[in-house]
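Nothing in this text is a laboratory measurement; each read-out follows from the coordinates by a stated rule. Treat the numbers as computed from the prediction; the structure is a model and nothing was measured. Positions of Cβ are generated from backbone atoms using ideal geometry, with glycine treated the same way; all protein chains shown enter the neighbour counts.
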Amino acid sequence: MEGPSIVILAEEAKKFVGKCVMQSTGSTKLVDVTSFRGRTLTRIRTWGKHFLLCFDKDVIKIHFLMFGSYRIDEDKPGAPPRLCLRFPNGRISFYSCSIRMLDKSATQTYDWRVDLMSRAWDEQHVLQAVAHENNTELCDLLLDQNIFAGAGNIIKNEVLFRLGLHPERTLKSLAASSRQLLVGEMRRYSKQFYRWKKKYVLRKHWQMYGKKLCPNCGTKVVLKKTGKLDRRSFFCPICQPLRTGTGVSKSRR
DNA sequence: ATAAATGTTAAGAA
DNA sequence: CTTCTTAACATTTA
């Protein structure tokens, strides 16, 4: 689950803010499930892929990893929730996810300037952070949660295709103007992802992720695990060349 | 049926 | 000390 999906969850769960937990159940052993009963949910926040349920002095942090899911006011068949919070106006359940408690002070260490979905997202700050990553391949850079919080493998692949960038290019091969385009597109596409996902039309807008043929030129899409993160990259070898330019030596002055 | 995948963390190894 | 590797987590889809 990528950042935009977490923002949609936060909107759906908003109706529980200000409500008191009537009953708390679940199979997680990483938090004391029984301790939430009688406490009021004061706020819901998100940072990247982190979903934060805030109480007066501490916070439940939920991360959905690869397979996590949730349900509101219904049960998921065949799976006991890791955590289910029941409020006077409904309930929310979380499945196969990581659940941790944070002290409230820990949320102050989150930097919302790098959160792709945040109002506080700061292009200049992100460009500065990117500037330290000259030797990093783009496929790894775009998944770095300290720089692009909320970006996942779908966003990575789609953005690289839209800009005609090969996933194994290093940042230093990009001119300053291209870097700025890249950072801006990460933000723009994340917002687009959110709008499409809300309308249940996200998947049909994928141009490269999971595709067989390039929508531009019809060339067979390459699927390769790339980078230190060894994650799947889908790319068109024609539209996303590894080497830039037309053969003119880059070292020419 | 088996494998691989919208992901992260911690522990141990090098 | 840093960087890399592996395991753990555990569900859905192809």
Item to check | Set A:61/A:197; A:14/A:212; A:76/A:220; A:76/A:224; A:104/A:225; A:19/A:156 screened for pairs whose C-alpha atoms are more than 31 Å apart | outcome: A:14/A:212; A:76/A:220; A:76/A:224; A:104/A:225; A:19/A:156
Item to check | Packing-based ranking, highest mean first, of A:36-46, A:194-204 given that Cβ atoms within 10 Å are counted | outcome: A:36-46, A:194-204
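In debye, nearest 20, what is the charge dipole magnitude of segment A:95-153 about its Cα centre with +1 on Lys and Arg Cβ and -1 on Asp and Glu Cβ, if you could check? Walk me through the numbers before you get to the answer.
Values: 4 positive and 9 negative charges, 69 e Å.
Taking the Cα centre of segment A:95-153 as origin, the dipole is about 340 debye.
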Checklist entry - For segment A:44-52, what does the Karplus curve 6.51 cos²θ - 1.76 cosθ + 1.60, with θ = phi - 60°, yield as ³J(HN,Hα) per residue in whole Hz, taken in order and with x for Gly and Pro? => result 10, 10, 9, 9, x, 8, 8, 10, 10
Next on the checklist: Distance between the C-alpha centers of segment A:21-95 and segment A:164-231? Whole Å please.
Outcome noted: 32 Å
Checklist outcome for this item: Taking placed amide H atoms and a strict 5 Å upper bound, the residues 5 or more places from residue A:26 or on another chain that come that close are A:84
Checklist entry - How would you rank A:92-98, A:120-126, highest first, on the average number of other Cβ atoms within 10 Å across their residues? => result A:92-98, A:120-126
Next on the checklist: Can you give me the angle between helix A:176-198 and the longest principal axis of chain A, using Cα atoms only, in degrees from 0 to 90, rounded to the nearest 10?
Outcome noted: 40 degrees
Checklist entry - In terms of modelled amide H atoms, which long-range or inter-chain residues lie less than 5 Å from the amide H of residue A:101? => result A:61
Checklist outcome for this item: By the rule of no other cysteine beta carbon under 4.7 Å, the lone cysteines of chain A are A:20, A:54, A:84, A:97, A:139, A:217
